[in-house]
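> Sharing a structure, written as structure tokens. Questions coming.
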Amino acid sequence: MKRKTWLYLVFFVLLFGAFYAFLYATIDSSKSRLPVLNIVKPFSFEKQDGQWISEKDVAGKVYAAAFFFTTCEGICPKMNRNMKIVFDEFKNENDFLILSHTVDPETDNIARLKTYADSLGADTKRWWFLTGSKDNLYKTARESYILDDPKNNATNIEEQFIHTQFFALIDKNGQVRGIYDGLKKAEVEKLITDIKDLLKEKTLQPA
């Protein structure tokens, strides 16, 4: 092969090498590719231990949100068994929480939620069982976590009942990054994978 041809080959190899080195350097490996689906609005709910919490208490944390009720004999037991799998995976992770909200606050007082949490073997330092006003719970499910159609808020609150099998995943900045079917094994595994990705993300600094 002629010397000139070799020089051209070396030039193009170096050119492509420099291009891929630049491309790799510009990729932020700490940022997940999960889209931002919504922003969580301010909230205030009561935990199973009687402590009130708000969005400020989850700032800088990755968390999964779900809605259930303690007397449910249908989908809720399986949902919470699957959520227990998620909990066990991250039980030693300080930057991860689970927020399980009742949809039946008239029945599910804090004592009942505490008993239910104990029956699941949940560490309530990282898995919170929450109650509050029905109106606030339902608006949060719909307008923040998009686990039900927000248009349903227009009907009489006393006639409403949310019964959703879906989990929402929220990042350290209070952004919804995924919705998962809590009854499907593959979806639960995807949730675990996505949690790991979000835990690597950095918290956005205020402007």
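> Residue 70: net charge of surrounding residues, Cβ under 10 Å, Lys/Arg +1, Asp/Glu -1, itself excluded?
-1
> Quick check: net charge around residue 117, other residues with Cβ under 12 Å of its Cβ, Lys/Arg +1 and Asp/Glu -1?
So the surrounding residues net to +2.
> Each residue of the stretch 163-173 in order: what ³J(HN,Hα) in whole Hz does its phi give by Karplus 6.51 cos²θ - 1.76 cosθ + 1.60, θ = phi - 60°, with x for Gly and Pro?
Computed from phi, the couplings for the stretch 163-173 are 9, 10, 9, 8, 10, 10, 10, 10, 8, 5, 9 Hz.
> Let me ask you something else. Please list, ordered by chain and number, the residues whose modelled amide H lies under 5 Å from the amide H of residue 165; skip anything fewer than 5 residues away on the same chain.
When sequence neighbours closer than 5 places are left aside, there are no close amide H contacts.
> Also, quick follow-up: For the stretch 188-196, in order, what is each residue's ³J(HN,Hα) by Karplus, 6.51 cos²θ - 1.76 cosθ + 1.60 with θ = phi - 60°, in whole Hz (x at glycine and Pro)?
Those phi angles translate into 5, 5, 5, 4, 4, 4, 5, 4, 4 Hz.
> What are the residues whose amide H is under 5 Å from the amide H of residue 174, where those residues sit 5 or more places off or on another chain and H is modelled from the backbone?
Amide H to amide H, under 5 Å and 5 or more residues apart or across chains, residue 174 pairs with 60.
> DSSP loop trypsin sites (Lys or Arg not before Pro) in the stretch 30-77 with at most 11 other Cβ atoms within 10 Å of their Cβ, which ones?
Passing sites in the stretch 30-77 are 33.
> Which ³J(HN,Hα) values in Hz, rounded to whole numbers, follow from the phi angles of the stretch 98-106 under the Karplus curve 6.51 cos²θ - 1.76 cosθ + 1.60, where θ = phi - 60° and Gly and Pro get x?
10, 10, 9, 9, 6, 9, 10, x, 5
> What is the packing order of peptides 178-188, 62-72, taking the mean over residues of other C-beta atoms within 10 Å and listing the highest first?
Highest to lowest by the protection proxy: 62-72, 178-188.
> With every protein chain present, what is the per residue accessible area of the stretch 47-95 (1.4 Å probe, Å²)?
So the stretch 47-95 comes to 48 Å² accessible per residue, rounded to a whole number.
> Same structure, new question: Collect residues whose amide H, placed 1.01 Å from N in the peptide plane, falls under 5 Å from the amide H of residue 130; neighbours closer than 5 in sequence don't count.
100, 101, 102
> When the accessible area of the stretch 99-207 is computed with all protein chains present and a 1.4 Å probe, what percentage of it is carbon and sulfur?
Carbon with sulfur: 50 percent of the solvent-accessible area.
The values are calculated or read from the model by the stated rules, or taken from the named source; none is laboratory data. Keep in mind that what you see is a predicted model, and the values were worked out from it rather than measured. Please note: Cβ atoms are built from the backbone with ideal geometry, for glycine as well, and neighbour counts cover all protein chains shown. Each accessible area value is taken on the protein alone, full model and side chains, heavy atoms only, with ligands, DNA and RNA left out. Shrake-Rupley method; radii C 1.70, N 1.55, O 1.52, S 1.80 Å.
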